[in-house]
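Here's the structure we're looking at; comments come further down.
Taken together, the values in this text are just the output of simple stated rules run on the coordinates, not laboratory data. Computed from a prediction, not measured in an experiment: that's the story for all the values here. Reconstructed Cβ throughout: ideal geometry from the backbone, glycine too, with neighbour counts over all protein chains shown.
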Amino acid sequence: MDALKVEGSFKVQLHPDAEVLTTAIFNPNGINFALGTSHGNIFFGSLRDDAQSRPKLMLSKLEIAQ
């Protein structure tokens with residue numbers, strides 16, 4: 001069985017009103033993921049290597065109007 005390892009670390013900017021991450025899912029391809037928050041926001045992301053083999057994060061945020 002393969003062990004998990006950290007290849008990169010990124011901070012997601014959350015709302016200062018006590019918004020917390022509540023769920024996360026990763027695609028088996030190891031590139032795409034989605035995060036959900038307590039405020040109903042959804043983040044869609046993709047983590048790939050750039051031309052210099054460094055991790056590059058692309059992140060989009062879907063905000064739910066209240």
Normalised by the residues of region 21-62, what does the relative contact order come to in percent, with Cα pairs under 8 Å and at least six apart? 29 percent
Which percent of Cα pairs goes in each bin when the distances of region 21-62 are cut into 10 angstrom slices starting at zero? 29, 48, 20, 4
Segments 15-27, 41-53 sorted - mean Cβ within 10 Å per residue, highest first: 41-53, 15-27
